[in-house]
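So the structure is just underneath, and the comments pick up after that.
The values are calculated or read from the model by the stated rules, or taken from the named source; none is laboratory data. Every value quoted in this text rests on a predicted model; they were computed, and no experiment measured them. We work out accessible area using only protein heavy atoms, side chains counted, and drop any ligands, DNA or RNA first. Shrake-Rupley method; radii C 1.70, N 1.55, O 1.52, S 1.80 Å.
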Amino acid sequence: MNSDSADHISSGDTDSAGSIFSLRRLFEITTLVGISLATMPVLGFASQVLLVVYLGTLYFSEAKTRIAALVILALMYPPYVWLIWDISDYPWHGYRWQWIGMVLQLPGLLADIPFHPLPNNLFAVVTSLATLVAFFTFLLLARLSRWALLVVSPMVLALSILNSCICLALYRV
């Protein structure tokens with residue numbers, strides 16, 4: 001058995017890679033489920049769904065898409081670090097944990113403003129969908145070429161910083 005097929009069991013119907021079962025894919029799916037379960041006590045359900053979509057995009061896409069997704073995610077979420085490291089020494093109570101639980105939804109928070117106030121479940125759906133639309137729009141643009149990635153990256157960071165400042169103002173109200 002050669003080294004390329006050492007982690008594959010194949011027989012009968014096969015996929016495009018020539019195998020029916022891949023230990024690597026099984027490990028990746030198990031890792032995805034493990035990360036999701038580990039963050040369950042902190043993240044809300046909508047943030048869990050976003051996490052699974054992001055990890056699925058990273059695990060199961062081609063290299064060009066994976067690089068663009070990593071760049072976009074690396075620029076999209078660091079401006080929200082104020083939730084953990086708040087310079088005003090805001091207390092660690094239920095309100096802060098509620099915001100931490102929806103941290104992955106925060107890029108789509110502004111989509112809630114025209115419909116505010118919404119019930120919690122509908123709020124989660126609206127903000128999650130808005131976040132996914134933004135992520136996949138930036139991802140599609142960034143995949144066009146390296147130049148497109150270089151143009152999209154500062155846009156993602158600038159919009160994320162602006163949105164983070166608005167979220168911080170809403171958090172402190």
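Taking a ≥ b ≥ c as the square roots of the eigenvalues of the Cα gyration tensor of the range 33-86, is the shape rounded (a/c under 1.5), prolate (a/b larger than b/c) or oblate? Here the range 33-86 falls in the oblate category. The value given for the range 74-142 is a Kirkwood hydrodynamic radius of 13.3 Å, derived from the mean inverse Cα-Cα separation.
Counting only protein chain heavy atoms and rolling a 1.4 Å probe, the accessible areas of Ile67, Ile35 rank, largest first, as Ile67, Ile35. Note on surface exposure: His93, His116 rank His116, His93 by accessible area, highest first, 1.4 Å probe.
For the Cα trace of the range 114-173, dividing Rg by the Kirkwood Rh returns an Rg/Rh value of 1.08. For the range 27-128, the Cα gyration tensor yields ellipsoid semi-axes of 25, 16, 15 Å (square root of five times each eigenvalue, largest first, whole Å).
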